Amino acid sequence: MSSSDKTGLGEKTSSATTGFEEAAKPHYLGHRERLRKRFRESGADSLPDYELLELVLFRAMPRRDTKPIAKAIIARFGTFAEAMNAPEDRLLEVPGLGDAAVTEIKLVRAAALRLMRGEVLERQVLSSWQSVLDYCRAAMAFEAKEQFRILFLDKRNQIIADEIQQEGTVDHTPVYVREVVKRALELSATALVLVHNHPSGDPTPSRADIEMTKQIVAAAKPMGVVIHDHIIVGKQGHASFKGLGLI
């Protein structure tokens, strides 16, 4: 066989191998690169919820098509925000979703909250009120149980502590007025912002909420501690006691 024949055979074999390798590549690899490119060039707003969720799942599922799983998650929970805030056990009920993917989802949520909290802590609360509301809603609005949170402020109205004081049931959180005031004095706080969530989604204050707030205001005033506001957050929005004329 001549050298030219050998060369021709080698070229044909190489070409066939390359074609086989291209055909063997999973179809979703091209989709992933297109999705990443669209995100880089046009931002997150250019992507529907399920595609943004796909990007989150890529690292946890490097060898699987994430599109049907992402669509299944959105179909079950409704929105990207609901999916990010869903309990881990409920996320694991979605076929094909394992521990690694759930961890990735929770990591994104934790990173977002850390960023929002950092922005709130670096500013005066009263001059960045919308950021405070956004942080409280992101942190608490999707919780399955009621939580009572307090933002402790110094004389400059900057946050010196952000603490969850109590966690209750789906419709009640026990709040101990004496403990609230005691903790404020321990931290040398001069003002407080009270926050709690309504898992039902409706942030409308209940009679118990109003009465409890009045008790805290009355107990804190003689100690020189001002209650700037009591915010109730829920999936349907938020309610401000100050805005409603209740403080």
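The values are calculated or read from the model by the stated rules, or taken from the named source; none is laboratory data. Predicted model, so just to flag it, every value in this text is computed and none were measured. Methodologically, a virtual Cβ is constructed for each residue, glycine included, from the backbone with ideal geometry; neighbour enumeration extends over all protein chains shown.
Out of everything in region 51-85 that is of a type in the set (A, V, I, L, M) and outside any helix (DSSP H, G or I), what residue ends up being surrounded by the most Cβ atoms within 10 Å (Cβ to Cβ)? If we take residues in region 51-85 being of a type in the set (A, V, I, L, M) and outside any helix (DSSP H, G or I), then MET61 is surrounded by the most Cβ atoms within 10 Å (Cβ to Cβ).
Here ALA191 does not qualify as surrounded by 18 or more Cβ atoms within 10 Å (Cβ to Cβ) and in contact with a helix residue (DSSP H, G or I) (Cβ under 6 Å, 6 or more places away or on another chain).
Let's see how each residue does on (1) outside any helix (DSSP H, G or I); (2) assigned by TED's automatic domain parsing to the domain that holds HIS196; (3) touching a Gly at 6+ places or on another chain (Cβ under 9 Å); (4) modelled with pLDDT under 90:
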site	(1), (2), (3), (4)
LEU97	yes, no, no, no
GLU104	no, no, no, no
PHE148	yes, yes, yes, no
ILE160	yes, yes, no, no
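Residues that are closer than 17 Å to ILE216 by Cα and at pLDDT below 90 occur at least once in region 176-184.
Taken residue by residue, region 24-41 has at least one member that is farther than 25 Å from ASP99 by Cα, surrounded by 11 or more Cβ atoms within 10 Å (Cβ to Cβ), under 24 Å from the mean Cα position of the chain (by Cα) and modelled with pLDDT of 60 or more. When each of GLN215, GLN165 is tested for being of a type outside the set (A, V, I, L, M, F, W, C) and over 30 Å from GLU82 (Cβ atoms), the lone residue that passes is GLN215.
Only one of the numbered conditions (1) assigned to a helix (DSSP H, G or I); (2) among the small types (Gly, Ala, Ser); (3) more than 18 Å from HIS228 (Cα to Cα) is violated by SER200, and that is (1).
Listed by first and then second residue, the pairs linking a residue in region 82-99 that is touching a residue at least 12 places away in the same chain (Cβ under 8 Å) to a residue that is of a type in the set (Gly, Ala, Ser) and surrounded by fewer than 20 Cβ atoms within 10 Å (Cβ to Cβ), with Cβ atoms under 7 Å apart and 6 or more places separating them unless they lie on different chains, are PRO87/ALA144; VAL94/ALA72; PRO95/ALA72. Checked against (1) surrounded by 18 or more Cβ atoms within 10 Å (Cβ to Cβ); (2) under 21 Å from LEU153 (Cα atoms), PRO203 passes all but a single condition, namely (2).
Within region 213-228, can one find any residue that is under 22 Å from the mean Cα position of the chain (by Cα) and under 16 Å from CYS136 (Cα atoms)? Looking for residues that are under 22 Å from the mean Cα position of the chain (by Cα) and under 16 Å from CYS136 (Cα atoms), one finds none in region 213-228, hence no.
Condition test on LYS182, is it closer than 24 Å to GLY245 by Cβ and in a helix (DSSP H, G or I)?
Spelling it out, it is not the case that LYS182 is closer than 24 Å to GLY245 by Cβ and in a helix (DSSP H, G or I).
Say we look at region 214-236 and pick out the residues that are β-branched (Val, Ile, Thr) and in a helix (DSSP H, G or I); which of these is surrounded by the fewest Cβ atoms within 10 Å (Cβ to Cβ)?
VAL217
For beta carbons closer than 6 Å, sequence separation of 6+ or different chains, a first residue in region 221-239 that is more than 15 Å from GLU82 (Cα to Cα) and a second that is basic (Lys, Arg) and surrounded by fewer than 19 Cβ atoms within 10 Å (Cβ to Cβ), the qualifying pairs are ASP229/LYS242. Which one is modelled with the highest pLDDT, of the residues in region 107-122 that are basic (Lys, Arg) and surrounded by 15 or more Cβ atoms within 10 Å (Cβ to Cβ)? Applying the filter and picking the extreme gives ARG109.
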